[in-house]
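**Q** To start, I am sharing the structure in question, which I have written as structure tokens.
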Amino acid sequence: GASPGEGTGATMSDDEDNQVDSETNMFDGSDGSDGMGFGPLILTEGERSLIERVRHELKSELKQGYKEKLVDIREEIMRKRRAGKLPGDTAATLKAWWQAHSKWPYPTEDDKARLVQETGLQLKQINNWFINQRKRNWHSSNTASSSEKTKKKRNVTGNDGTEQSW
């Protein structure tokens, strides 16, 4: 005895449930007979009460199931929003490697495997962190090196030993 809309995502209000009950009984055919020629099946008050209680429990379980699913989806969305920042100790491990290898910040495959073990990150996350770190530091290292060049240009010593500015 599936109710209309069951399994389709459609919901029925209590008033609609009662209307369906009054139009046809759960166990009879569409013409009001029981399908065996004995006439309509009439439920006792206890049977109606039991059916109503079961219907109410099922609706509650469905609502709770959907509520839990929505909460799970919301938590996943929030987790993904927070996912941009690595934990402090993980970032510190990567930054320590970065600083120790600042002249050539390209880890070997062995270095990456060791960092995966130390940080618990995936290889793809390690690769992405280094790509992003190089991008973050490219601008700062370029501005630092261009300012050093500017300082060198300004303080050039001439052949006679005097400083000349350009």
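The values are calculated or read from the model by the stated rules, or taken from the named source; none is laboratory data. All values derive from a computational prediction rather than experimental measurement. So basically every Cβ, Gly included, is an ideal-geometry build from the backbone, and we count neighbours across all protein chains shown. Areas reflect the complete protein model, heavy atoms only, side chains present, ligands, DNA and RNA absent. Shrake-Rupley method; radii C 1.70, N 1.55, O 1.52, S 1.80 Å.
**Q** Consider region 38-56. How many of its residues are part of a helix (DSSP H, G or I) and exposed (fewer than 12 other Cβ atoms within 10 Å of the Cβ)?
**A** 5
**Q** Output the number of residues of region 87-98 satisfying the condition of being under 12 Å from Arg134 (Cα atoms) and open to solvent by 80 Å² or more (accessible area, probe 1.4 Å).
**A** 1
**Q** Among the residues of region 106-124, count how many are in contact (Cβ under 8 Å) with a residue 12 or more places away in the chain and either among the small types (Gly, Ala, Ser) or open to solvent by 80 Å² or more (accessible area, probe 1.4 Å) (or both).
**A** Of the residues in region 106-124, 3 are in contact (Cβ under 8 Å) with a residue 12 or more places away in the chain and either among the small types (Gly, Ala, Ser) or open to solvent by 80 Å² or more (accessible area, probe 1.4 Å) (or both).
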